[in-house]
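Below is one structure, written out as structure tokens; the observations come after it.
The values are calculated or read from the model by the stated rules, or taken from the named source; none is laboratory data. Here the structure is a predicted model, which means the values were calculated and not measured. Virtual Cβ from ideal backbone geometry, glycine too; neighbours counted across all protein chains shown. Ligands, DNA and RNA are stripped out before the accessible areas are found, and what is left, the full protein with its side chains, is counted by its heavy atoms. Shrake-Rupley method; radii C 1.70, N 1.55, O 1.52, S 1.80 Å.
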Amino acid sequence: MKRIAALVLGFFIFLNISLAAQTLTKHPEDKSVSRNLVLENGLKVLLVSDPAFNKSAVSLEVQAGSLMDPEERQGLAHFLEHMLFLGNKKYPEVDEFSTYLDSHGGYTNAFTGEDRSNYHFEIQHDAFDGALDRFSQFFISPLFSSEYTEREINAVHSEHQKNLEQDDWREHQLFKAFYRKEHPANHFATGNIDTLKGVKQDEFIRFYETYYSANRMSLVLLSNKDLDELEKLAREYFLPVKNNNLEKIKYGPDYLEHVKGLRLIKRIPVKDIRELTLTFSTPSFIEYYRTKPEMLVGFCMGHEGKGSLLSFLKSQGLATGLSAGGGNTTTDYGKFVINIKLTQKGVEHYQDVIKYCFSYIALLREKGIPDYLFEEIKHIAELDYTYKYKGEGADRATHLAGNMNHYSPDLAETVDYIYEKLEPGLINSVLKQLTPDNMLCMLTAKGLNTDSIEPYYGTRFSYSVEKGKIYKSIVKPPKINELALPAPNPFLPESVRLLAEQPVNIINEQGIEMWYSQDTTFKRPEATIVLRIKHDKGVVSPTYMAKLSLYTACVNEMLNEIAYPASEAGLDFRFSEDMDGINLIISGYSASIPMLIREIGSRLKSIDLSEQQFNDIKERKIQEWGNFKMGQAWEVARHVSRMIRKEKYFSVDSILAEGKLVELKELKGFTGALYNKARIEGIAHGNITADETVTLTRMLQSLLNSTPLNKEDTFKQAILVEKANDPLTYIERLETNNSCLWKTVYLGSETPELRMAARIIDKFISQPFYTEMRTKQQLGYIVSSAAQEDNGQHYLFFIVQSESHPADDIRERADRFIDTLPPEFKALPDADFAQFKTAVKTELLQKPKSIMEKAMLFDRLTFEYNKDFNRKDEDLNALDGLTKAQVLKILSESINPATRKTVDILLFARQHTIKPETKASIEVIDKFKIGREFVKRGE
């Protein structure tokens, strides 16, 4: 597992690196330009113009967050974030902004942090001006209408109910409860109906006027428009934001008391998880960006290679995963966290785990960070700045706005890559914070003894301070000879030489189909290789899939000590299983890919793990499968939907039952026979030649030594053929506190015309459904609708998750809304229909943003869409000729009671009652599918 903090994009390089000054150089094909300025009202602005951007985007971050909540109004900052979306003097309609975005291919969201709140959106370029006008009014003339106060309190409460039984939220809040009572960090950030009950309009207006001010705001605009035009837009729309000349609020870093003892919280989780979390309070690390000492320490603590803390804990049977890192909670203070995924033995011997963590900290104090480590990190940061894809849209704008909140605007684009000088004194300043008396420790597992209940989430816990033998052992931890600092990384590229595009088939023989395309767009020394090792269609069963899942988990464990340094060298891979077989995707600097494929391929045909290691992996998988139904209700509903719709798709319960029976000896036998008969399909794209691709494919073929499998003998999914006027209903009772409706409406079998009609319907339904179900009826926090495709069949999905309303009541409400769609679409003005078409066309014309994204596109076109390389042109032609009447016909026929084909999944929370008239037509999914017709893509 990676360390907690997102440290840098890549690390180490095994080169003769000199101790030189750092140089950050733009890629020669990077046409972006930027400008930063401060408006007359004190608002900081960063403008980034790039003709390659697919969409325009904005992020505005204000230095006002949940730490400012009045003690008697916990969650007020979060509530205010919600209210700002609900109309302003210039655009008073509650859904004006979201409707505008939705009709122009846009997206918006916001979040409330400890000392900041962020608002962002992205949209097609030609609608940027109108979106900025609407967005800027959030901060100029918000209405804060009392009409929506109760509704939005319910929305905040629904969001809290969604999180109520999620263990990460519970852990986060429980830690806060043990911070200094007088420090604002000890608070409840989300808020709920109890903390916000009775809130008056003047309260959030006062909060807004007290903490929101132009001189506390950072604004980022990304677009294909030139910088002068962007500056004009920024001044036109954001100069009117009022400057209250507010001083920056400072928070003391002493939110955690120093105690000479081991402070231990024992927590009972909702899911079956076992982990140990060590949290240390720290000052902010922001001013040390030239060295990033917290990241260097986190990298060493979280390393997973030979000699690492995790490797040692695994060898002792105590842990299966570990992450570590430091970060800034606010601009004034932060924390350093070590999180260990424990085995059952680890739970029983948690004190040893803590002790070994301090043994590694002692090693760092003794050895320090080697110069070669820092220089390798610096060198890879330089490569990443030049060659790594930096993103676009709302995500990139939000990241840059966050950087502007912490650093001067001129550093926003480069600070992540800056490593100027290794300063041992700064490393020691971090290590001085990692002491037992500055640590709050949490042990999480089922069956622990507890005596208290946390008030906001109902978490059962106990708290103690141990000052005896265990405390002394972590103050003076033992020296562990097996622990070592990370060694130089062998996976780093020794060369980044660039090589001088529809994919070309370079191998087509029995058992292998390999495609290749040379990158001519991004011109980076990277490549992505997608390899799929397909098995015989006759083997697919719950037993087989359980073993296959355990097999991939074991292989990933065997690869872990090489995967971690490879990842830090900018070389990532994913080794996974699905119904088709084994998937291997490798992406990164192309010069290092052959070594990684050789390392992976040599480990595929045998399991080299001890009984202890296997049992730890099996235990982790059983936890994962067993915890599934304790997750979000909508995720369970999605899984049930796939089980009904797909001919072969096995329940998590069936995989769990089979997985429990698998022993190491049996899995070794399974592994030995796994590749006896197989088919390799794949594609390589990027800075790699056709000859190199052939060589790598032949290497894997030689390592597997499989009997070739014909394509027609591999597994291919089939989809349920639904019957007209035969609505299907599945009902299940959940153990969690949220009900869910997942309604599927069949649209038809794909043609270019249907694909385009579905995308227009998607844009037509999504915002109105959200506004009606969430904003107006307040049914739940999670509300969504979409048109999607599954193996050539197209559907509408309507999803609502609710703590307050049972699933059958939600269905009645959703059905009433769905019945209004055809007449609403018929009344749609022609100009609005034309705008929907424009938004879809803009999305179709978006270009892949990275080598990997383009490789995955080619992979889908080649194998999933059967070499349909003209698919985009077919879609564009169909879109151009598509009329409103054609779309209306498809929508009307799909919803008409005489012709509709629907599947309703009704999942009921433990506290909700099922109406007597609510009946299931599907009792047992496997029995239901017997005798039903299924169709495969292209048939």
| field | Rounded percent of accessible protein surface that carbon and sulfur make up, the chain, 1.4 Å probe | value | 49 percent
| remark: Over region 262-475, the quotient of the Cα radius of gyration and 2.2 N^0.38 Å is 1.12
| note | Counting only DSSP beta bridges fully inside region 503-713, the antiparallel percentage to nearest 5 is 75 percent
| task | Please work out the Kirkwood hydrodynamic radius for region 346-397, using every pair of different C-alpha atoms, and report it in angstroms with one decimal place. | result | 14.7 Å
| task | Would you work out the charge dipole size for the chain about its Cα centre, treating the Cβ of every Lys and Arg as +1 and the Cβ of every Asp and Glu as -1, and quote it to the nearest 20 debye? | result | 1940 debye
| Considering only Q502, A855, Y333, whose Cα is most displaced toward the positive end of the charge dipole of the chain, charges sitting on Cβ of Lys, Arg (+1) and Asp, Glu (-1)? | Y333
| task | Would you work out the relative contact order for region 183-321, in percent, from Cα pairs under 8 angstrom that are 6 or more residues apart? | result | 15 percent
| query | So what J values fall out for region 709-716 if you push phi through Karplus, 6.51 cos²θ - 1.76 cosθ + 1.60 with θ = phi - 60°, rounded to Hz, Gly and Pro as x? | reply | 10, 6, 4, 5, 9, 8, 6, 9
| task | Enumerate the whole-percent occupancy of each 20 Å bin, from 0 to the last occupied one, for all C-alpha pair distances of the chain. | result | 12, 42, 41, 4
| request: Express the Stokes-Einstein translational diffusion coefficient of region 719-935 in µm² s⁻¹, to the nearest whole number, given a Kirkwood radius over alpha-carbon pairs, 25 °C and a viscosity of 0.890 mPa s. | output: 130 µm²/s
| task | List the residues of region 867-886 whose backbone N lies under 20 Å from a point placed 7 Å from the Cα of L857 along the Cα-to-Cβ direction. | result | 867-880
| request: Return the whole-Å distance between the Cα centroid of region 150-209 and the Cα centroid of region 272-349. | output: 28 Å
| task | Sticking with the crude label model, points 7 Å out along Cα→Cβ, report the distance from K919 to S462 in nm, one decimal please. | result | 5.2 nm
| query | Counting Lys +1, Arg +1, Asp -1, Glu -1, what net charge surrounds P478 among other residues with beta carbon under 14 Å of its beta carbon? | reply | +2
| region 704-814, relative contact order [Cα under 8 Å, separation at least 6], % | 32 percent
| Computed over the Cα atoms of region 503-713, what is the convex hull's projected area averaged over all directions, in nm²? | 12.8 nm²
| Okay, which of region 442-477 sit inside 11 Å, backbone N to the point 7 Å along the Cα-Cβ direction of E348? | none
| field | Where labels lie 7 Å past Cα in the beta-carbon direction, separation of D228 and E71 in nm | value | 5.7 nm
| said: Please compute the per residue accessible area over region 515-661 with all protein chains in place, 1.4 Å probe, rounded to a whole number of Å². | reply: 34 Å²
| remark: Taking a label point 7 Å from the Cα of K446 along Cα-to-Cβ, the residues of region 712-749 whose backbone nitrogen sits under 15 Å from it are 735-736
| said: As a test, work out the antiparallel percent of DSSP beta bridges whose residues both lie in the chain, rounded to the nearest 5. | reply: 80 percent
| From the phi of every residue in region 928-939, what ³J(HN,Hα) in whole Hz does the Karplus formula 6.51 cos²θ - 1.76 cosθ + 1.60 yield, where θ is phi - 60° and glycine or proline is x? | 4, 6, 5, x, 7, 8, 10, 10, 9, 4, x, 8
| note | Computed about the Cα centre, the charge dipole of region 503-713 from +1 Lys/Arg and -1 Asp/Glu charges at the Cβ has a magnitude in debye, to the nearest 20, of 440 debye
| field | R642/E843 FRET efficiency (R0 25 Å; Cβ-Cβ; nearest 0.05) | value | 0.50
| Which order, highest average first, do 608-621, 248-261, 559-572 follow once you tally other Cβ atoms within 10 Å for each residue and take the mean per peptide? | 559-572, 608-621, 248-261
| Between region 728-799 and region 600-679, the Cα center-to-center distance that results, in Å | 29 Å
| query | Could you give the Stokes-Einstein D for region 153-293 in µm² per second, using the C-alpha Kirkwood radius, 10 °C, 1.306 mPa s? | reply | 80 µm²/s
| Karplus (6.51, -1.76, 1.60) ³J(HN,Hα), θ = phi - 60°, over region 252-263, in Hz, Gly and Pro reported as x | x, x, 8, 6, 10, 5, 8, 9, 7, x, 8, 7
| request: Give the relative contact order (percent, whole number) for region 262-475; include only Cα pairs under 8 Å separated by 6+ residues. | output: 40 percent
| task | State in Å² the accessible area per residue of region 719-935; use a 1.4 Å probe, count heavy atoms of protein chains only, and round to the nearest integer. | result | 43 Å²
| task | Send over a whole-number figure in Å² for the accessible area per residue of region 262-475, probe 1.4 Å. | result | 33 Å²
| Helical contribution to [θ] at 222 nm, DSSP H n ≥ 4, -39,500 (n - 2.57), averaged over the chain, rounded to 500 | -11500 deg cm²/dmol
| query | Once both labels are modelled 7 Å past Cα along the beta-carbon direction, what's the E182-T751 spacing in nm? | reply | 7.5 nm
| note | Here the percent of antiparallel bridges among DSSP beta bridges lying wholly in region 719-935, to the nearest 5, is 80 percent
